[in-house]
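What follows is a single structure, written as structure tokens, with notes after it.
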Amino acid sequence: MADQRLIKFRELREKSLLGGGQSAIDKQHQSGKLTARERIDAFLDAGTFQELGALAQHTKVDFDMDKKKFPGDGVVTGFGEVEGRPVGVFAQDFTILGGSFSSVQAQKINKIQDLSLEAGIPCIGLNDSGGARVQEGVYSLAAYGEVFKRNVLASGVIPQISVIMGPCAGGAVYSPALTDFTVMVDGTSYMFLTGPGVVKSVTGEDVTQEELGGAAVHTQRSGVAHFRAADDNAAIELTRKILSYLPQNNNEDTPLVATTDSPTRVEEELNTIIPEDDNKAYDLVHLLDLVFDTGTVLQVQEEYARNAVVGFARLDGRAVGFVANNPGYMSGVLDIDSSDKISRFCRIADAYNLPIITFEDCPGYLPGTQQEYGGVIRHGAKIIYGYTEATVPKVCIVTRKGTGGAYVALSSIQMRADVVFAWPSAQIAVMGPAGAAPLVRGKEIKAAPDPKKALADFIEEYRENFFNPYRAADIGQVDEVIEPKDTRVRLIQILQVLQTKVQTSPNKKHGIFPS
Ligand code: HXC
């Protein structure tokens, strides 16, 4: 008797491993995708997966659903480890009814969300689903709400990452949008509220799935996704890497990683990286590589709003977040999209106890009707809000331009930066010399016997007196002017001091983030 029961159980278990069956698995492989179980195996450390809900099936009967039952009901859920640290994971199984989202699927996902939050461990979703299971009607819609609610409540407490590895349509897109990071796979994943068919009928536009919501669209144009990977395996590897920079939860620090890069490495090349010509760009990413532990820079939203560069790196093995203006793209100016990018990243770094290192070389906020009509004022305000709200260690290095509002917004002392360093090439002032000339000496220059020479003289005088780091250092806006080659050493030293920093903010339910 006992044997029969075991045999039945084993049969059920075997069946559950096959998802929607071999032909559906073959179809999944033919479309260039791994199955849910293969994804989980690739994501977790070998042998660490413990599954829950493997045999759960839906109980619906409408539209002959009682004849379409599969153990697991379209999602594989459980816990495992990534680099020895526990994580919760769910992977939608497209081979079962297109991974469509049922109430049983939601219950399984909710269980992982709840236990991950209570245990204080990251929760990772591998998404591949045709959306709400149509045959379940409102049950399925309510079930999405249960996932969204948990996404919001866990936000900033445990890392949540969504990996989009197939379709993600309709309201389903809001769960990824509520998580910390969204990774998309090139060519096989897409996200949109309504598909090409609905778009055509409502707006008359002809658009393909890829054009509407492919990985390139969301990493380059919309900013909805933060990372793009070539295939399933690359997306999974990237997700493991992202986790390596994050703590398990908001009460912990990211573990130190042993590094062979010396904390006393002096980098002579930094002394010559800023060109003599103010208007010339330089390779910002190379600059970051020279400062941080070798090979540790990981950009977030690398392809979006490229005038700002944000991401993770390590300093003497300690994980940090960085924000930098990129002189190689739109001169590093701040605009709507880069304000969103920078402020969101500051909030993520602050939530997860990562120091924020800012490299400032910014001519200011971008002027013009397009920006004003788009609300650059409220978007730009987010940077001020994001920096000021953050209580993690904040160190700013003004490498070149620190001009106008951008100077104040970007991790200035008033935004509660702990320490501001400046390189001798720093130019901290209300505006550049050419803009200042008509305002300060307009009449004199016009009336001068040689106005051109008078203008040149003024620019020289302005540069000498104003367009340098020393005035700012006089009044404590810059704590120390340093040689660029010493930047790595100084950052490591000051972070050692600041690692025990405690800073509080007024008690409140929550602030009103400008959006
Ligand atoms: C039930 C679904 C389904 C769904 C797919 N299937 N989506 N079953 N509900 N939402 C089933 C198919 O009937 C099929 O079953 C199997 O999954 C595989 O689907 P195919 O169409 O054969 O696969 P493919 O050609 O690869 O196309 C994939 C697809 C397409 C593009 C995702 O299936 C599709 O357009 N699905 C509907 C997408 C959608 O509009 N979803 C609702 C979004 S609105 P069989 O038995 O034939 O193998 C929404 C609201 C959420 O989600 C709101 C939250 C607040």
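Tell me, please, whether a residue that is buried (at least 22 other Cβ atoms within 10 Å of the Cβ), in contact with a Leu (Cβ under 6 Å, 6 or more places away or on another chain) and touching a residue at least 40 places away in the same chain (Cβ under 8 Å) can be found in segment 297-308.
no
Exactly one of (1) closer than 15 Å to N307 by Cα; (2) not in a strand (DSSP E or B) is unmet by Y385. Its number?
Answer for Y385: the failing condition is (1).
What residue, of A409, A448, is modelled with pLDDT of 90 or more, among the small types (G, A, S), within 22 Å of L334 (Cβ to Cβ) and in contact with a helix residue (DSSP H, G or I) (Cβ under 8 Å, 6 or more places away or on another chain)?
The conditions single out A409.
Yes or no, residue by residue, for (1) among the basic types (K, R); (2) within 26 Å of I336 (Cβ to Cβ); (3) at pLDDT 95 or above; (4) away from the ligand (no atom under 16 Å from the Cβ):
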| residue | (1), (2), (3), (4) |
| --- | --- |
| T179 | no, yes, yes, no |
| V185 | no, no, yes, no |
| A216 | no, yes, yes, yes |
| Q220 | no, yes, yes, yes |
| A225 | no, yes, yes, yes |
| D231 | no, no, yes, yes |
| I242 | no, yes, yes, yes |
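Just a yes or no: is a residue in segment 472-483 touching an Asp or Glu at 6+ places or on another chain (Cβ under 8 Å), surrounded by 17 or more Cβ atoms within 10 Å (Cβ to Cβ), modelled with pLDDT of 95 or more and among the hydrophobic types (A, V, I, L, M, F, W, C)?
Scanning segment 472-483 turns up no residue that is touching an Asp or Glu at 6+ places or on another chain (Cβ under 8 Å), surrounded by 17 or more Cβ atoms within 10 Å (Cβ to Cβ), modelled with pLDDT of 95 or more and among the hydrophobic types (A, V, I, L, M, F, W, C).
List the strands (runs of 3 or more DSSP E) inside segment 1-112, counting only whole elements, that have at least 3 residues being under 29 Å from the mean Cα position of the chain (by Cα) and either in contact (Cβ under 8 Å) with a residue 60 or more places away in the chain or crowded, with 17+ Cβ neighbours inside 10 Å (or both).
Working: elements: 50-52, 75-82, 85-92.
Hits in segment 1-112: 75-82, 85-92.
For S244, work out the one condition from (1) of a type outside the set (F, W, Y); (2) touching a residue at least 12 places away in the same chain (Cβ under 8 Å); (3) under 23 Å from K485 (Cα atoms); (4) touching an Asp or Glu at 6+ places or on another chain (Cβ under 9 Å) it doesn't fulfil.
Among (1) of a type outside the set (F, W, Y); (2) touching a residue at least 12 places away in the same chain (Cβ under 8 Å); (3) under 23 Å from K485 (Cα atoms); (4) touching an Asp or Glu at 6+ places or on another chain (Cβ under 9 Å), the lone unmet condition for S244 is (3).
In this structure, is V199 touching a residue at least 12 places away in the same chain (Cβ under 8 Å), buried (at least 16 other Cβ atoms within 10 Å of the Cβ), more than 8 Å from the ligand (Cβ to nearest atom) and not in a loop (DSSP other than H, G, I, E, B)? If you could, list the steps in order and put the result at the bottom.
Numbers: touching a residue at least 12 places away in the same chain (Cβ under 8 Å): yes; buried (at least 16 other Cβ atoms within 10 Å of the Cβ): yes; more than 8 Å from the ligand (Cβ to nearest atom): yes; not in a loop (DSSP other than H, G, I, E, B): yes.
Answer is yes for this residue.
Collect the residues in segment 354-381 that are more than 25 Å from G321 (Cα to Cα) and in contact (Cβ under 8 Å) with a residue 12 or more places away in the chain, keeping them in residue-number order.
Q371, G374, G375
The values are calculated or read from the model by the stated rules, or taken from the named source; none is laboratory data. On a predicted model such as this, the values are computed, not experimentally measured, just so you know. Note that each Cβ is placed from the backbone with ideal geometry, even for glycine, and that neighbours are counted across all protein chains shown.
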